[in-house]
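The numbers here are math on the coordinates, done by the rules we state, and not lab data. Computed from a predicted structure; not experimentally measured. Virtual Cβ from ideal backbone geometry, glycine too; neighbours counted across all protein chains shown.
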Amino acid sequence: MLACVSAQAQAADPVKITSAPLSQLNVGVLRSAPAEVISLNESVLSAQVQATVSAIRADVGADVKAGDALIELDPSDLRLNLASAKAAVAAAAAQVKLTDARLKRARELIGKNFIAADDLAQTESLNMAALADLQLRQSGLGLAELALKRATIRAPFDAVVMERMAQVGMLASPGTALIKLVDRTGIEVAVALEANQVFGFRQATELNFRAQGDALGVLVKRLSAAVNRGTRTVEARLSFAAMGAPIGTQGRVEWRDQDLLLPANLVTRRQDQLGVFWFDGKVARFLVLEGAQEGRPALVNLAPTTAIILNGRQGLKDGQAVQY
């Protein structure tokens, strides 16, 4: 019976049709996952010395560059400590110079048997103690210089000031939080994928971050190989392909699965079966789509280059001759 119908279809006058490759018609399944724009560095800068806040150079919302001064602490005490450390180094150096001269003289005298060996050993010991004291004073000087340098709080990277805790006149101690920064160059989109979304996400050729009505192109940087035990999600990190969104923006990352899905309007019913008409180069062919439902896109097991018949399929039969 089927062969008879096919023969009749071929004998009929060719039906004029239009077609398009399945790849151009594919609607895919739109998937999405929650996402947020984050900074790789979000740092709270604290005081490392005890001093009074004397000036604030950058306030909330300011863009700063690495090395820019943000907070100034009163350096008066620190400068006095530095001066004291320099004086201690000078005194220790003078002592070393004196013990060096005494040691040199002692070595000359012991060669002439004018002093005992114990006297030489004592002089050598005094010289070594003077050298050790000089090293100690030099370390103290280095610490004093570092402390003075730390009176100016500088940006460690290009950033945006998110919060200022410091106030002019407040006494800051080591560990006192002064200012909060977020890195404005190291920006990523953090995505939490369900485990069953990972495969399709990997295969996606186009990803978009959608927030507040805007869709921004993103690219995959990293995809975790492990599932988070607490949330049962897989972490992915993306970067913006071009223009980005502000840090802290929340939205969703969207992509389409690569399964070939035929638009619902091209699903055709023939003899109580749903399918699709395609052109094999000679005649029209009807492919039954298992599991297809009217009004919904249907999975098609055809090559992406297959010519799907668009216009002219009304009344068309399997095996019927067609022409463009």
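Overview of values
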item	result
Relative counts (whole %) of C-alpha pair distances in region 180-241, using bins that are 5 Å wide	4, 16, 24, 24, 17, 12, 3, 1
The chain, relative contact order [Cα under 8 Å, separation at least 6], %	31 percent
Cα-based convex hull, the chain, per residue volume (Å³, whole number)	262 Å³
Residue order, fewest to most surrounding Cβ atoms within 10 angstrom, among Ser46, Ser23, Ser39	Ser23, Ser46, Ser39
Listed peptides 68-81, 89-102, 179-192 by packing density, highest first (mean Cβ within 10 Å)	179-192, 68-81, 89-102
Unit Cα scatterers, Debye sum, region 75-150: log10 I(q)/I(0) for q = 0.11, 0.13, 0.16 Å⁻¹	-0.40, -0.49, -0.62
Stretch gain in nm, segment Ala129-Asp59, where the contour uses 0.36 nm per residue and the Cα spacing is subtracted	20.1 nm
Sites Thr52 and Arg154, calculated FRET efficiency, Cβ-Cβ separation with R0 22 Å, nearest 0.05	0.75
Separation in nanometres of the label points that stand 7 Å from Cα toward Cβ, at Gln293 and Ser239	4.2 nm
Nearest-20 debye value, the chain charge dipole, Cβ charges on Lys, Arg, Asp, Glu	360 debye
Span-rule helices in the chain, defined as complete DSSP H runs reaching 27 Å or more along the axis (Cα) with Kyte mean at least -0.5	76-111, 117-149
Which of Leu219, Gln323, Phe114, positive extreme of dipole for the chain (C-beta unit charges)	Phe114
Exceeding the 24 Å Cα-Cα cut-off - candidates Lys65/Lys86; Lys97/Lys149; Lys65/Lys149; Lys86/Lys180	Lys65/Lys86; Lys97/Lys149; Lys86/Lys180
Positive minus negative residues near Ala35 (Lys, Arg vs Asp, Glu; Cβ under 12 Å)	-1
222 nm mean residue ellipticity, helices alone, for the chain (DSSP H n ≥ 4; -39,500 (n - 2.57); rounded to 500)	-9500 deg cm²/dmol
